[in-house]
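First the structure, in the form of structure tokens, and then the observations on it.
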Amino acid sequence: MTEDVKSVERVTGKSELFAFNASIIAHLHTLFASSSFIFALLVGCYLHYYKIVKNASFGYPDEWFPSVSATIGDRYPERSVFQIIIALTAGPRFLLLAFNFITLFKQNSYLPYIGLISGTLRTFTAGGWMYITSTDDHDAHDVFMISYMVLTIPWTIINTLLSPKGSFQRNARFYSAFSFFSTIIPLIYWFIQHKVHIRPGAYSIYAYFEWGLIFFDILFDSWSAIDFKKIDISINSNGIEFKKSETKQTTVVKIKEVDSIDTSHFIINIINSYICWTVVTSLFLCVWYFPLWYMGLSGYEAVITSMFIAPLLIYPKFIQNYLIQYPQITRFLTVLFGIGAYKIQDPEQKLISITIASIFGIISTIIEFQAISNSPKKLNSYITSFILGLLTTSIFKFMNYSNNPIWPIMHKENGGYNEIGIILGLLAASFTTTNKQTPTKMKPTGSLILGAIGFGGYYFSIFSYLSDSGTLALWSWDGFPIKGPTPITGAIPHFTAFILGVLLIIKKHPNFISSWNYNLIIGGGSAFIMYYFKNWYGFIGSSIYTFYLVSITPIIFQSIQGYNLSISFFIGFFVNIILALGSVWIVAYAFVPGGPLLRERSDIILTASYLSILCGVANYQFKKLEITKINFNSVKLIKQTTTILTILSVIIIATFIKRYPSEVPKPYNSDSQSFTTGIWCVHFGLDNDMWSSETRMLNLIKEAEVDIIGLLETDTQRLIGGNRDFTQKIAEELGMYVDYGPGPNKHTWGAALLSKFPIVKSSHHLLPSPVGELAPAIHATLDIYGQYVDIVVFHSGQEEDVEDRRLQSLALEEIMSSSSNPMILLSYLVTEPLVGNYNTYVSEKSRMYDIDSTDWDRWCEYILFRNVKKVAYARISRSTITDTELQIAKFKLLNDEEWIDTDLDFYYGNHFINESEIDESLRMPKLFRGDGVRGHRYHVFDEPRYFAQEKWQRKVKLQEVE
């Protein structure tokens, strides 16, 4: 027992056992009430999603979101989960009614009594519709529900009128009540659409507004916490006492600022940052799904405006102040709508959910920054956790073959760990704390506009270049023999540069890196090298630029500190979106208005983002004299960060060792000395239902026993593609060499070559495209069973660009004719068989032959060859992996006698025999016969087409005898 407590006992004769502030009553009420609905919704969606979204007229996918009544009353165990937790709300609820009466009581007024009576009756009617569901007794449920709504009118009006005039809680109650009753109008409209007009999807939209009523209802009562702060409750030896104090005496005390944030909160901030980065990066990735299917602007791209709209939503000071006190709210919503979006099957609804999560994630970052912006050491700690969250994102992607394991495009079947992400995110959200302190309040100088522009350029840069360790490695990739980094070997130097940048943040004052020499030479010089050089030289430049971007993080945040953060971040994210759209326009110029203005101009985007960063540096220079006086150094932060970095470094090294190839790839049919090639346009690794598709792709490639495959539409190492590279997983899981093709700075949609045979050399080509999209090609020489064979992977331009495709066919003809090696073309030609440009690809000059010129049902994908023996050819249906089939062809090398034969057309003719007449080792896999497997089957032909020289000769001789 302390001396203070003993002195209290001596004076009062009371022994205080427990004391607390009455505001905890309102907090418990909010917690129990909201969690009862949230947990019921989560359990219901997890166990009975298709059942609880179904109504009398429609089911999934016409209806996709459950109503409140279906969630809390129709099924076990969600019904029990709801009723148990809502029962816990009873205690805080009746205490809330009592203390509302006490704190809002006014002499000579009947309003407090009406409020108490209506609130009590309203509580009993709530129990009626909560415990008597529409399934139990539809009429009783409706009577209690209508009574509850009617009693809500006096309850909200009276509590608002009794609140102190001009107070925060009065305004908050007014807007909450206004939102509640405004929601009823669209609620009724959509109920009529559902019930009277029987409109599909109407009930799901109705459910949105129904859940909105629940949210605003709970929100209204949560403001009581502000009034209850005036009451302290004490449990002592004489019983329970409470004291109401209208004015509390305050003592001004000079407080020494806490040395950084404690370790647990530092870790929580890193987790929150990781969750936020996960959600924001998934927004762009999921937006990309829609223009892929629309082959142009779809309208869904508009959701990215949510990034700069989000700051405006917290422009009112009372919203900022409330969220600063309760940052858990926005963090919870970020996790539920963002990481939890993977449970939503419908792509449109999933995108909406992710958009909402992105808004709350950005709001979380702003309000937490606002809360500690005047506490230098805490601010530096928060800034460090912000950039460590991005580092963690990149490391987890490195561990998971460049996919973030908790993205909404992931699930258990394709390598996702979404449940773990939700649990981790909710735990971090629960323990998020922000204490508003103002020990070093400064009058802002400089320019809000410059600071905001600087933040926009910085955010775009770290988003685009640092969110995956393989992005900048592919910027410098130039084919075989390897003269630079791969996404695996480049990871160590990339992460090293990132970590060194973080160490500089925590050990040096921002002034150390604020000089123009540092920003122009280190920043501008490294960006120049990164753009203009290839292989290791270019990658060294990109590594230095990585270090630079990380190191200026404190400068960028300090440059916007002190201004109206809603406006600052609004402008900043607006600049970020402009740069982001520009980074898409440089490659998508053929599909967007004004596209040619930025066609193939990565240099403009890189320069614009760098110059934007310099605006932030310039604004820091204006504020430098004030900032110089501030001590950012913290021994605790150094210890915290170095510990985290040590753990992350161990993970990086362990992942590198695990992923580094240790075995030589082996072909599937080495005994028969045959090899199978394939061509597949894989739609950027997103399947028809918006799931990451590389796991399904590699399974099909493996089962089809494809030794050499060209993959098209593979360049996802850009912001709009999620900065990922799905060829990594396919190549590593199947044990294949990989040429990633022209990098993301080459402005193509991507082409990649994967091979079981060593790639001796390769070169990348961008074929003529005066008007439309660039046509990438890879020309590689492979060592196949000791003989050099050339493989060309090619993606032609769009159907609309006739001249482009003609010029591309001539250029590719030149490439093919220039080689003396046996050759196979794996291509996407955008032409019909036997007409037009087809006759340029298959010509005397190219010396190439079609795998089957009688296959008329081809439009895009073609396999051409020369100086190898065709064994078999087939097409395999894609299921829902992409929009294009997989074409495969089996070959053998020509022996010496076959090379001498002058009638080469004999080997290339379209001759067919039944597979029973050829050796079993040369047959195509039987797995895809008939109905096939998982939606993959041989199609167009009843059987794959075969050619074998000796069998054909025998057949010809028999015909001659006859």
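The values are calculated or read from the model by the stated rules, or taken from the named source; none is laboratory data. All of these numbers come straight from a predicted model, not from anything done at the bench. Heads up, the Cβs are rebuilt from the backbone with ideal geometry, glycines too, and the neighbour counts pull from every protein chain shown.
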Can you tell me which residues in the stretch 379-427 are buried (at least 20 other Cβ atoms within 10 Å of the Cβ) and charged (D, E, K, R)?
397
Exactly one of (1) farther than 21 Å from residue 567 by Cα; (2) buried (at least 17 other Cβ atoms within 10 Å of the Cβ); (3) under 21 Å from the mean Cα position of the chain (by Cα) is unmet by residue 361. Its number?
(1)
Only one of these conditions is not met by residue 488: (1) in contact with a Pro (Cβ under 6 Å, 6 or more places away or on another chain); (2) among the hydrophobic types (A, V, I, L, M, F, W, C); (3) in a loop (DSSP other than H, G, I, E, B). Which number is it?
(1)
Do the conditions hold for residue 853, that is, is it in a loop (DSSP other than H, G, I, E, B), over 23 Å from residue 922 (Cα atoms) and over 36 Å from the mean Cα position of the chain (by Cα)?
no
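Could you list, in sequence order, the residues of the stretch 605-618 that are under 20 Å from residue 721 (Cβ atoms) and surrounded by fewer than 17 Cβ atoms within 10 Å (Cβ to Cβ)?
none
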Name the residues in the stretch 161-212 that are aliphatic (A, V, I, L, M) and outside any helix (DSSP H, G or I), would you?
196, 198
State which residue is surrounded by the most Cβ atoms within 10 Å (Cβ to Cβ) when the search covers only the stretch 856-878 and only residues that are of a type in the set (Gly, Ala, Ser) and within 38 Å of the chain's Cα centre (by Cα).
874
Search result, residues across the stretch 154-206 that are under 15 Å from residue 221 (Cα atoms) and either surrounded by fewer than 14 Cβ atoms within 10 Å (Cβ to Cβ) or not assigned by TED's automatic domain parsing to the domain that holds residue 118 (or both)
178
Being more than 27 Å from residue 49 (Cβ to Cβ), within 46 Å of the chain's Cα centre (by Cα) and without any contact (Cβ under 8 Å) to a residue 60 or more places away in the chain is true for just one of 128, 115. Which residue is that?
128
Please determine whether any residue of the stretch 765-779 is in contact (Cβ under 8 Å) with a residue 12 or more places away in the chain, under 21 Å from residue 845 (Cβ atoms), touching a strand residue (DSSP E or B) at 6+ places or on another chain (Cβ under 9 Å) and in a loop (DSSP other than H, G, I, E, B).
yes
State the number of residues belonging to the stretch 337-350 that are in contact with a Cys (Cβ under 7 Å, 6 or more places away or on another chain) and surrounded by fewer than 22 Cβ atoms within 10 Å (Cβ to Cβ).
1
What do you reckon, is residue 98 buried (at least 16 other Cβ atoms within 10 Å of the Cβ) and either in a helix (DSSP H, G or I) or assigned by TED's automatic domain parsing to the domain that holds residue 114 (or both)?
no
Only one of 563, 548, 537 is more than 30 Å from residue 315 (Cβ to Cβ) and surrounded by fewer than 22 Cβ atoms within 10 Å (Cβ to Cβ); which?
537
What tally of residues in the stretch 402-417 results from selecting those that are assigned to a helix (DSSP H, G or I) and either touching a Leu at 6+ places or on another chain (Cβ under 8 Å) or of a type in the set (Asp, Glu) (or both)?
1
From (1) surrounded by 19 or more Cβ atoms within 10 Å (Cβ to Cβ); (2) in a helix (DSSP H, G or I), pick out the condition that doesn't hold for residue 28.
(1)
Just give me the residues in the stretch 402-437 being over 15 Å from residue 651 (Cβ atoms) and aromatic (Phe, Trp, Tyr), in sequence order.
407, 431
Positions within the stretch 861-885 being touching a helix residue (DSSP H, G or I) at 6+ places or on another chain (Cβ under 9 Å) and assigned to a loop (DSSP other than H, G, I, E, B), in sequence order
867, 877, 878, 879, 880, 881, 882, 883, 884
Only one residue in 796, 819, 827 is small (Gly, Ala, Ser), in contact with a Gly (Cβ under 8 Å, 6 or more places away or on another chain) and assigned by TED's automatic domain parsing to the domain that holds residue 849. Which one?
827
